[in-house]
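As structure tokens, the structure follows; a few thoughts come after it.
The values are calculated or read from the model by the stated rules, or taken from the named source; none is laboratory data. All values derive from a computational prediction rather than experimental measurement. Positions of Cβ are backbone-derived with ideal geometry, glycine not excepted, and every protein chain shown enters the neighbour counts.
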Amino acid sequence: MVEKRKSESKTKSKPKPRPKYRWKEYGRYEIERPRPFKIATEKIKSKIKKPYKPAGLKQLLVALCVIALIAVFVILTFMFVFSPRLGFLESGAEAWNLFGLVPGLSTAGYKMVELDVIVGEEAGVVTLTANCKRIVAYVEAHQAESIYRGIKKEYIDRPNAHDITADLLKDFDIHVVLVKVTEIRDDAFYGKIIMKKGNKIASLDARPSDATAVAVRVGAPIYVKNELLEDYGEEIC
């Protein structure tokens, strides 16, 4: 039995030696193993040895486009939302007019005016004031009363045409951007009312008295041409 055990112990295989380690670059130990492992280590080393490659022209252009879009979004948001509230622009209409992209919305050559009205028994007096100049316009009594009620936000049980128009514009989500007094012909004032819904903008001819009565109900600004202020305005300063 002892001889058999000795013979068995002699036939047993010797334990495999531990793999040798050797120092390589980049602070790594590489184990000497068969070829597949060496291929894997070579791939790792190739990634480590690969020098830093700066971004190409295509990636740079994409980054610049994204930055430009973000900048445009921030500028437009500031122009249309915050500028009128903070007082940088007189109204939201001036944000649309800033680059003159929509001719009907341009307020170049116009000045926003302050409105006042006096109601008489037979006629009314409407005054438009800006830059120490005041234009006086005479209107019919019922028109003066309608403008006055619009300024005071007074509503009656039997609405007139201006009340109905203002309600229709609100219900259909049509925004009155501004009202312009453009010229005087034959002792009569002519004007336009500019309205916007979504991406559509309409510039309609309107009598300034009617347009003003609607504007005061919806909070739209009123502009008068500078030439009219100079030629027909009374100096008050």
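Side notes on the structure shown:
- Out of 118, 147, one residue alone is farther than 17 Å from residue 225 by Cβ, assigned to a strand (DSSP E or B) and not acidic (Asp, Glu). It is 118.
- Residues of region 176-213 that are free of Cβ contacts under 8 Å to residues at least 60 places away in the same chain and in a helix (DSSP H, G or I): 211 alone.
- From the options 133, 170, residue that is within 19 Å of residue 219 (Cβ to Cβ), assigned by TED's automatic domain parsing to the domain that holds residue 206 and at pLDDT 90 or above: 170
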